[in-house]
Amino acid sequence: MIRFHGVTKRYGEKTAVDGLDMTVENGSVCVLIGPSGCGKSTTLRMINRLLEPDEGTIEVDDKALRDYDPASLRLRIGYVIQSVGLLPHMRVWQNIALVPRLLGWEKPRRRERADELLDIVGLDPEEYRDKYPAQLSGGEAQRVGVARALAADPPYLLMDEPFGAVDPLTRATLQQSFRDIQSRLKKTVVLVTHDLDEAIYLADRIALMRDGVLQQFGSPAEILTSPVNEFVREFVGSDRMLRMLNTVELGAVDGWSGADGSRPTLRDALSQLLSAPERSIRVGLNDGSQEELDFDRIREMVLP
Amino acid sequence: MIKVQRWLAANSQPIALLPVAVSLVPAAGIFFMGIIHLRPNRIADGEAFRFADLALPVAPVLALAITAAVLVVAARWARQAEIPALALWAVTVTIVPWILFHMAAVELFDAGRLDDLARVSPGGGVWVALVAALAAWHELLRSVRRSLRGLVVALLLAALAFVAVQIASPPLERISYIVEYNVRSDRFLDELLQHIRLSGSAVAFATLIGVPAGMIAYRHRRLRAAILDVTSTIQTIPSLAMFGLLIAPLAALSRAVPTLRAMGVSGVGTTPALIALTLYALLPVVRNTLTGLAVVPPSVRESGQAMGMTRRQRFWMVEVPLALPVLLRGIRTAAVQAVGNTTVAGLIGAGGLGWFIFQGLGQAATDLVVLGVIPIVGLAIVVDRVFQGLQRLSARGEVEGGTRA
Ligand SMILES: Nc1ncnc2c1ncn2[C@@H]1O[C@H](COP(=O)(O)OP(=O)(O)OP(=O)(O)O)[C@@H](O)[C@H]1O
Ligand SMILES: [Mg+2]
């Protein structure tokens, strides 16, 4: 559990984060979103003490951050950034096994762990373990970045625009793999993004910020259906109900086929329905049951 | 045959025209410039003999040279078998001048002009051909892949061994440099070792002092300018002036402190030489330590921190390995410079190969000067190559597959 109590961070005159109160539950994904410069990265970097707050306290596991030794705190908090920051002089496996090495694991165990993680993030260990970061594409490097953050099985994960620097298709695949990994590993994640759809797709809770001030903190559905002020309403956009469709995941949709391992959402179902000759189509739900879907049913499903 | 050709083609790239031309043109010098230089004694003016002055076998040499040259041009033009043709050319232009030099010496000997006092040395044509050979080998090495490079180097060594045999066989023991060497062979080895010792210790000291100084300059912005200013000002002091400046204080120190005198510290000799050389070697080491640390990307540094590295771990696991190639480049510069600078140490009684140069200058004996210069140049090249290799090794990750933003 990560708790913010009245956390404020200033850079000179500028207040980057202003009186932040927020709690991230164990095993949940909290997505920080907001316009550029609103203080997302600053918030994230205070959690692993790359930055110290000027006011307020942050607690991790009910213990104030200032009572932790920074280096050993960071060993328990995986960190992924957009520029990836792999160490250029180390091979992929050495990069991934970095935290285990700092924790004093034996070399054979580190190698084994690196291979496991390459598998988890969908890279073939045979092919990738001995490469240097300069030999990876942007998307591969980001996967390795995620693998490195997960290597020592830390309970916490901080991700700053982890899927930012790749094309939309790769990003969709990365998001999908992240969701799969998260559903298995149940980390406590704080993730920063610019992309509202990504936030809706990945988040249990969304924290929407503006000029350092938290505007609304709630589930994707809450943010979309009941914006608390004009700023939030504008931010989620007039097509916010269409975005809602993405929050509902289905098991299968007749006539739909997506990328390997990906699952359709209500949005895909609506698209199929619009092009179907009948007034309804068959979809499979997540629990395995089947259902006839028409426009009224879709409305019911997005407005719980 | 075709298989071999294909393999060669797959492991090389087209040869470049300019170096080939650079190698073809001066080779012609062998026919127009002197082949052998004869002096009746050590310091007398000599006489150069050209191809036309001697009864050398013009026709076969000309035929061989022209064939090899035509083959290179044709191969390059047809883009076929370029590597074998260039290799043939390189070998030819390397060994033929020395064969001719040897033949010329035999002829002079037979004519009774090579008495006990007389000295011979290669004429201008042989030296110009050497330039041609360098260009040819360089181009050959450049245009083959790493897999073939060993083969080319083996060929080069074979050619050099052949040349060495030519030089060593009678009557060429009369080559002036070798005579000079034979007279002082013990001294030569001593001074060579002293040269290596002096420059090697200077670089070692400069590294021991310069790396921490560079690290301090990196950590403390305020000291940075001061440290750089001091080290670069030192470099602007002419070496003779530096030795001069050190003599008086060191002499005084040695008089005042008997222990130091007992350790061999004095105004002349090894101590001032070592101090001066170390001071000169500081700048490249300090500057490259600083640059090396400064070019470690902040994102990489922070990523190490965010992974949970302590300051010390970050320094040893991130900053040092990433700064190492740049640091090694600095030590390389320092070492090559030190090999050259150590020459001047000969002037203040510290020995080294400079001793031969200054002796030779004093006696107007050019051969003696050359005897000092050649190993200095050789030493500088060897040092440069060794550090280049180390640098490559240390930069593995960045070099392989190129760098990516
Ligand atoms: N080191 C710094 N010194 C001064 N000001 C800073 C510093 N870092 C950030 N800021 C300012 O603090 C504010 C918040 O920065 P932060 O990086 O947290 O924004 P962000 O929400 O992550 O933005 P983006 O989406 O563009 O990454 C910005 O106005 C920025 O200009
Ligand atoms: Mg940011």
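The values are calculated or read from the model by the stated rules, or taken from the named source; none is laboratory data. A quick note: this is a predicted structure, and the numbers were derived from the prediction, not measured. We place every Cβ from the backbone using ideal geometry, glycine too, and count neighbours over all the protein chains shown. SASA here: full protein model, heavy atoms, side chains in, ligands and nucleic acids out. Shrake-Rupley method; radii C 1.70, N 1.55, O 1.52, S 1.80 Å.
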> How are the C-alpha pair distances of the protein assembly as shown spread across 20 Å bins, as whole percents from the shortest bin up?
Replying inline: 13, 30, 26, 19, 9, 1
> Taking the Cα-to-Cβ direction at B:Ala226 and at A:Ala64 and moving 7 Å from each Cα, how far apart do the two end points lie in nm?
Replying inline: 3.9 nm
> Which of the DSSP-defined H helices in chain B satisfy a minimum axial length of 20 Å, computed from C-alpha atoms, and a minimum mean Kyte-Doolittle hydropathy of 0.5?
Replying inline: B:58-78, B:82-110, B:124-143, B:146-168, B:185-219, B:239-256, B:270-294, B:320-345, B:366-394
> Residues of A:75-84, mean number of Cβ from any other protein chain within 10 Å of their own Cβ, rounded to a whole number?
Replying inline: 3
>> Check which residues have an amide H placed less than 5 Å from A:Leu191's amide H, if you skip close sequence neighbours.
In response: A:Cys30, A:Val31, A:Leu32, A:Met159
>> Based on alpha-carbon centroids, what's the gap between the stretch B:71-129 and the stretch A:204-244 in Å, whole number please?
In response: 85 Å
> Residue separation times 0.36 nm, minus the C-alpha to C-alpha distance between B:Ile247 and B:Leu189: what's the value?
Replying inline: 18.2 nm
>> Going by Cα centres, the stretch A:28-80 and the stretch B:164-230 are how many Å apart?
In response: 54 Å
> Rounded to the nearest 5, what is the percent of antiparallel bridges among the DSSP beta bridges in chain A?
Replying inline: 60 percent
> Beyond 32 Å, what percent of the Cα pairs of chain A remain?
Replying inline: 33 percent
> Taking the highest mean first, how do the peptides B:172-180, B:356-364 order by number of other beta carbon atoms within 10 angstrom per residue?
Replying inline: B:172-180, B:356-364
> Rounded to the nearest 0.05, what FRET efficiency do A:Ser271 and A:Arg184 have when you use their Cβ-Cβ distance and R0 = 22 Å?
Replying inline: 0.15
>> Quick one: 3J(HN,Hα) in Hz for the stretch A:99-108, Karplus 6.51/-1.76/1.60 with θ = phi - 60°, rounded, Gly and Pro as x.
In response: 5, x, 5, 5, 7, x, 5, 6, 4, x
>> Give me the dipole magnitude in Debye, nearest 20, for the stretch B:2-175 about the Cα centre, with unit charges on the beta carbon: positive for Lys and Arg, negative for Asp and Glu.
In response: 960 debye
>> Can you compute the helix-only [θ] at 222 nm over chain B? Use -39500 (n - 2.57) per DSSP H run of at least 4 residues, normalise by all residues, nearest 500 deg cm²/dmol.
In response: -25000 deg cm²/dmol
> Past the 22 Å Cα-Cα mark, which pairs from A:Lys107/A:Lys131; A:Lys107/A:Lys187; A:Lys14/A:Lys63; A:Lys40/A:Lys131?
Replying inline: A:Lys107/A:Lys187; A:Lys14/A:Lys63; A:Lys40/A:Lys131
> Accessible area per residue, 1.4 Å probe, Å², for chain B: what's the number?
Replying inline: 50 Å²
> Relative to the Cα centre, what is the charge dipole magnitude of chain A, using +1 at the beta carbon of each Lys and Arg, -1 at the beta carbon of each Asp and Glu, and rounding to the nearest 20 debye?
Replying inline: 960 debye
>> Given axes a ≥ b ≥ c from the Cα gyration tensor, I'd like to know whether the stretch A:1-49 is rounded (a/c under 1.5), prolate (a/b larger than b/c) or oblate.
In response: prolate
>> Given a 10 angstrom Cα cut-off, can you work out which residue in B:Arg184, B:Arg329, B:Arg301 is the most mobile in a GNM of chain B?
In response: B:Arg301
>> Starting from 0.36 nm per residue, how many nanometres of slack lie between B:Leu240 and B:Thr67 once their C-alpha separation is accounted for?
In response: 57.1 nm
> Cα-based Rg (one decimal) and Dmax (whole number) for the stretch B:2-175, in Å?
Replying inline: 17.8, 58
> If you project the alpha carbons of the stretch B:185-404 onto their three principal axes, what span does each projection cover, largest first, in Å?
Replying inline: 66, 44, 28
> For the pair B:Leu390 and B:Ala262, what calculated FRET efficiency results from E = 1/(1 + (r/R0)^6), where r is the Cβ-Cβ distance and R0 = 35 Å, to the nearest 0.05?
Replying inline: 0.40
> Rounded to the nearest 0.05, what FRET efficiency do A:Phe295 and A:Thr23 have when you use their Cβ-Cβ distance and R0 = 41 Å?
Replying inline: 0.60
>> Given points 7 Å out from each Cα along the Cα-Cβ axis, report the A:Trp256 to A:Met1 separation in nanometres with one decimal.
In response: 3.6 nm
> Projected onto the charge dipole of the stretch A:79-149 (+1 at Lys/Arg Cβ, -1 at Asp/Glu Cβ, origin at the Cα centre), which of A:Leu103, A:Tyr79, A:Val92 gives the Cα projection farthest towards the positive end?
Replying inline: A:Leu103
> Which residue, B:Gly352, B:Gly112, B:Gly378, has the most motion in a Gaussian network model of chain B that connects Cα atoms within less than 10 Å?
Replying inline: B:Gly112
> How far apart, in nm, are two points set 7 Å out from the Cα along the Cα-to-Cβ line at A:Asp287 and at B:Ile381?
Replying inline: 8.4 nm
>> Can you classify chain B as rounded, prolate or oblate using the Cα gyration tensor, where a ≥ b ≥ c are the square roots of its eigenvalues, rounded means a/c under 1.5, and otherwise it's prolate if a/b beats b/c and oblate if not?
In response: oblate
>> Checking the a/c ratio against 1.5 first, then a/b against b/c, what shape does the Cα gyration tensor give for the stretch A:50-111?
In response: oblate
> Percent relative contact order of the stretch B:185-404, based on C-alpha pairs within less than 8 angstrom and at least six residues apart?
Replying inline: 25 percent
